[in-house]
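Notes follow once the structure below has been shown.
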Amino acid sequence: MKRNQIALVVWCCVCCIWIFSFAEGKDIKSLVKDLGSEDINDRNMAVIDLGRIGAPAVYPVIEALKSGNSNARRWAAEALGRIKDPRATEALIEALEDQEPYVRSNAVKALGEIGDRRAVEPLLKLLKDPTYGLSGTLPRALGQIGDTRAIVPLLEAQDVDHSEARKIHSFARETVKAFKLMGNSAIDPLIKVLNEGGSPHQMAIAAESLGKIKNKRAVPVLTELMNNSEADPFVRFKTADALAQIGDERALPPLIAGLNDKNKIVQRFSGPN
């Protein structure tokens, strides 16, 4: 190794040591205290440094999550998401009932980062909580955890009557991303939804998700749905798009037929996108 390469390696090592010593230079107690600071820079640095320290900081940060200071609780939840230690799961589940929306939101995100399946049922309860609403953080967290128990409740939540169209659209988009994160484990539950039927919105999201996962096992049910001219046009155009994304030759006949469909949107998504 050349002398300048050795010098570069040494310099990098020194930098790494400096970074971690800086994080630990302020003790954990002081960093936890900073979570409740009025200064946003202090709070942000505390979250970052506690995340770097990791496991040794878990229990002190859990204590901050129970603080009377809402700032401390909010940023403690975020710090626990960075630490990603399952020992924080129970405390974060309790934080889902916090009165402060930002605390609940950060607790949801943290539970997603940790990925502990104990959080699935408590997270699903929030779908029916009018004080939380259809936040995109919920499907995102459930997708990260990857438990297929969430599939049907997430689909059913699409039909809840909400006045904010933008929020519904965001929730649907995040639900599709969540199912994509679940990958092949979501295939059979989603196929079952299409076989058994549901609302047009539910079936459209199921079809779109199968297209994103791109598993060819979904082709027969999608083809059958595409061939059903009586099916909802919204569902059929999502189905056409899904078949095109999967790219299986078995999808060619229904897609070619879709080019002459009476619905203009179905025509559009049956052709090259």
Exercise. How long is region 17-114 along each principal axis, judged by its Cα atoms, biggest number first, in Å?
Worked result: 39, 28, 17
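What number comes out for the charge environment of ASP248, summing +1 per Lys or Arg and -1 per Asp or Glu over other residues with Cβ under 11 Å away? Each step should come with its number before you reach the end.
Details: positive: LYS214, LYS216, ARG217, ARG250; negative: GLU249.
Local net charge: +3.
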Problem set entry | Residues of region 182-214 with amide N under 19 Å of the 7 Å Cα→Cβ point at SER229 | none
For this session: List, in the order given, every pair from LYS84/LYS180; LYS84/LYS177; LYS33/LYS128; LYS125/LYS180; LYS212/LYS262 whose Cα-Cα distance in the structure shown is over 28 Å.
Result: LYS33/LYS128
Exercise. What trypsin sites (Lys or Arg not before Pro) in region 179-273 are in a loop by DSSP, with at most 12 other Cβ atoms within 10 Å of the Cβ?
Worked result: LYS262
For this session: Give, as a single signed number, the net charge of other residues whose beta carbon lies under 14 Å from the beta carbon of LYS216, with Lys and Arg counted +1 and Asp and Glu -1.
Result: +1
Problem set entry | For region 194-211, Karplus couplings with θ = phi - 60° (6.51, -1.76, 1.60), whole Hz, Gly/Pro x | 5, 6, 8, x, x, 5, x, 5, 4, 5, 5, 5, 4, 5, 4, 5, 4, x
Exercise. What number comes out for the charge environment of ALA119, summing +1 per Lys or Arg and -1 per Asp or Glu over other residues with Cβ under 10 Å away?
Worked result: -2
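Here, each number is a calculation from the coordinates, and none is a lab measurement. All figures in this text were calculated on a predicted structure; none of them were measured in a lab. Quick reminder, even Gly has a Cβ in these numbers, built from the backbone with ideal geometry, and neighbours come from all protein chains shown.
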